Amino acid sequence: AHYTGDVMMNIGVIVSLLFSYLLHWTWIDTLFAVIVATYLFYNSFSVIRRVSKVLMDEEISVSTRKKIKEIVSLNPAVLGIRDLRTRNAGMKSFVQFAILLDKNINLTKAHELCTLLEERVKQEIKNCEVFIHAEPKE
């Protein structure tokens, strides 16, 4: 956008000089200035909009959140999922949720299940940190 704005300004100056000299259209310079300024303002606001999403730790898309729930729910040992929280922080994503498991499952099995689910979610979302809390279902 920066280089395009520079090119547009240079073209505007050249065209304005030609039109002013040949046709005596002195207003053409103002027209090109307004066009270039509008272009620069539009692009500035689009950059601000994209950057603000990163700075504000925007949540992961609804479709990706739905995919996470599907991945977790496909495992028959998982009796439920709750408190799904996601956010993007720069180039990294963070996913956190709790899974409900049978209250009689042993700690080793629960840990293995959490590790398996973490890996599956990481396959879906690249450059991601996954935090899973296992809870017994009463």
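Structure notes:
- Theoretical ellipticity at 222 nm over the chain - DSSP helices of four or more residues, -39500 (n - 2.57) apiece, nearest 500: -20000 deg cm²/dmol
- Inverse mean reciprocal Cα-Cα distance (Kirkwood Rh) of the chain, Å: 19.2
- Convex hull volume of the Cα atoms of the stretch 59-138, normalised per residue: 77 Å³.
- For the chain, the longest site-free run once trypsin sites (Lys or Arg not before Pro) in DSSP loop states with at most 14 other Cβ atoms within 10 Å are removed: 1-102
- Loop sites here are chymotrypsin sites (Phe, Trp or Tyr not before Pro) outside DSSP states H, G, I, E and B with no more than 16 other Cβ atoms within 10 Å. The longest part of the chain free of them is 28-138.
- Relative contact order computed over the stretch 22-113 (Cα-Cα under 8 Å; 6+ residues apart), in percent: 21
- Using a Förster distance of 35 Å, the FRET efficiency for residue 74-residue 46 (Cβ separation, nearest 0.05): 0.35
- Close amide H partners of residue 129, meaning residues 5 or more places away or on another chain with modelled amide H under 5 Å apart, are 93, 94, 95.
Any read-out appearing in this document is the output of simple, stated calculations on the displayed coordinates, not a laboratory observation. The model shown is predicted, which means the values in this text are computed figures rather than measured ones. Note that each Cβ is placed from the backbone with ideal geometry, even for glycine, and that neighbours are counted across all protein chains shown.
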